[in-house]
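Notes follow once the structure below has been shown.
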Amino acid sequence: MQLENKVIVITGAAQGLGAAMASRLGVKSCKVILIDINLDKLQSQKLELSKRGIEADCFSCDISDESKVSELFEQLIEQYNQIDALINNAGIIRDSFLNKPNANGGFDSLSLNQWQSVIDVNLTGVFLCTREASKHMIATKTKGVIINISSISRAGNIGQSNYSAAKAGVVALTVTWAKELARAGIRVGAIAPGFIATEMTQQIKPAILKQVAASVPLGRMGDADEIAHGVEFILENDYFSGRVLEIDGGLRI
Ligand code: NAP
C-alpha cells in the first residue's frame, strides 16, 4: 500500500506506541485518525503532533463497547468515506498471579474483573473495531490493511494469564482474518513487541524493569518508534499477511 492520502485509524493513540505510529505515519502524507478512551489526552497528543506539522483528527471511544464502536465507525465513514487501514493498538494490563499465597494463609488471586477487563479491551475491542472497519473496506472494495498489536507475552508470561490469553487470541484472529479477508484484497498482520519504553511499561516496578532490560539480548528496551517502523513496513509490504512481526530485541520469555 502506498501511504500517501490514505486514511489510517489507530486505536489507543493518545500515548505510547499508538502516538509513535501517528507520528511516523503522519509525516508520510496520510490522514491519521486517533482513537482513545481519554479525550483530554487525545487533544494534547493532537497538539503535540500539530507542532510537528501533522494534522490528526481525534475521536474518543471505549473500544470494548459494541454500540460505541459501531457509532464511531459510522461517524468515521460519514466524515471520511474512506478507511484504508486500522491499527488495533489499544490495550491494558491488569497483572496478577492466578493464585499467590498471602501472609493471611489465603490467596491473592486473579479476579474475574481483572480477567474480563483485559479480555474486553485487548481481544473483544480488536474484534469489534476490525468487524466495523473491514465491513466498510469490503463494501467499498478498498484493499485495506488491518494490523493487530499482540505481544511477546502471547507465548505465556508469569503474572499475565489475562494478557497472555488475549494477546495469543489476537494472533489467532490475525491468521483467521488474513484467510477470510484475502478474497476482498484485505491484508491482516500482527506485531508482537517485546518490552518497549511507554507509559504501560512504566507501571512495572523499576527493579523488575531493570532486570528485563538486562535480559534482552540487545541489552535495552525498545523504542516506540521501532514498533511504528514495523507498522509502516506491514502497511507498505503488499505480500505481508497472516503473520506476526516480532520486534523484541531477541528476547524470549
Ligand atoms: P499505553 O501507553 O498504555 O497506551 C495504550 C492507550 O490505549 C492508552 O492511551 C489507553 O488509555 C488506551 N486505552 C485503554 N483502554 C482503552 C479502551 N477501552 N478504548 C480505547 N483506548 C483505550 O500502552 P502502549 O505501551 O503504548 O501499548 C500499546 C499496545 O502495545 C497495547 O496493545 C499493548 O498491549 C501492546 N504492547 C505494548 C508493549 C510495551 O512494552 N509497551 C509490549 C507488547 C505489547 P488509558 O491510559 O486511559 O487506559
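The values are calculated or read from the model by the stated rules, or taken from the named source; none is laboratory data. Predicted model only: the values in this text are computed from it and were never measured. Backbone-built Cβ (ideal geometry, glycine too); neighbour counts: all protein chains shown.
Pairing residues of region 184-202 that are farther than 13 Å from residue 231 by Cα and outside any loop (DSSP other than H, G, I, E, B) with residues that are of a type outside the set (Lys, Arg) and more than 14 Å from the ligand (Cβ to nearest atom), at Cβ distances under 8 Å and at least 6 apart in sequence or on separate chains, gives 184/134; 184/137; 184/138. Of all positions in region 171-190, none carries a residue that is modelled with pLDDT of 95 or more and near the ligand (Cβ under 9 Å from one of its atoms). Regarding region 109-117, can at least one residue be identified that is under 23 Å from residue 32 (Cα atoms) and out of contact with any helix residue (DSSP H, G or I) (no Cβ under 7 Å at 6 or more places or on another chain)? Scanning region 109-117, I find no residue that is under 23 Å from residue 32 (Cα atoms) and out of contact with any helix residue (DSSP H, G or I) (no Cβ under 7 Å at 6 or more places or on another chain), so the answer is no. Checking 135, 141 one by one, the residue that is in a helix (DSSP H, G or I), basic (Lys, Arg) and modelled with pLDDT of 95 or more is 135 and no other. Against the test of being more than 16 Å from the ligand (Cβ to nearest atom) and among the charged types (D, E, K, R), the options 243, 252, 220 yield a single qualifying residue, 243.
On the stretch given as region 90-125, residues that are of a type in the set (Phe, Trp, Tyr) and without any contact (Cβ under 8 Å) to a residue 12 or more places away in the chain total 1. Could you please let me know if residue 240 is among the aromatic types (Phe, Trp, Tyr), assigned to a loop (DSSP other than H, G, I, E, B) and either surrounded by 13 or more Cβ atoms within 10 Å (Cβ to Cβ) or modelled with pLDDT of 95 or more (or both)? It is true that residue 240 is among the aromatic types (Phe, Trp, Tyr), assigned to a loop (DSSP other than H, G, I, E, B) and either surrounded by 13 or more Cβ atoms within 10 Å (Cβ to Cβ) or modelled with pLDDT of 95 or more (or both). Only residues that are within 18 Å of residue 10 (Cβ to Cβ) and within 12 Å of the ligand (Cβ to nearest atom) were counted in region 146-166, giving 5. From the list 63, 83, 87, the lone residue that is within 22 Å of residue 160 (Cα to Cα) and touching a residue at least 60 places away in the same chain (Cβ under 8 Å) is 63. Where in region 33-123 are the helices (runs of 4 or more DSSP H), entirely inside, with at least 1 residues that are among the charged types (D, E, K, R), within 14 Å of the ligand (Cβ to nearest atom) and surrounded by fewer than 22 Cβ atoms within 10 Å (Cβ to Cβ)? It comes to 39-51, 66-80. Scanning region 1-32 for residues that are of a type in the set (Val, Ile, Thr), out of contact with any Leu (no Cβ under 7 Å at 6 or more places or on another chain) and within 16 Å of the ligand (Cβ to nearest atom) yields a single hit, 11. The set of residues in region 83-135 that are of a type in the set (A, V, I, L, M) and touching a Phe, Trp or Tyr at 6+ places or on another chain (Cβ under 6 Å) comprises 93, 118. Of the residues making up region 96-124, those that are closer than 28 Å to residue 177 by Cα and in contact with a strand residue (DSSP E or B) (Cβ under 7 Å, 6 or more places away or on another chain) number 1.
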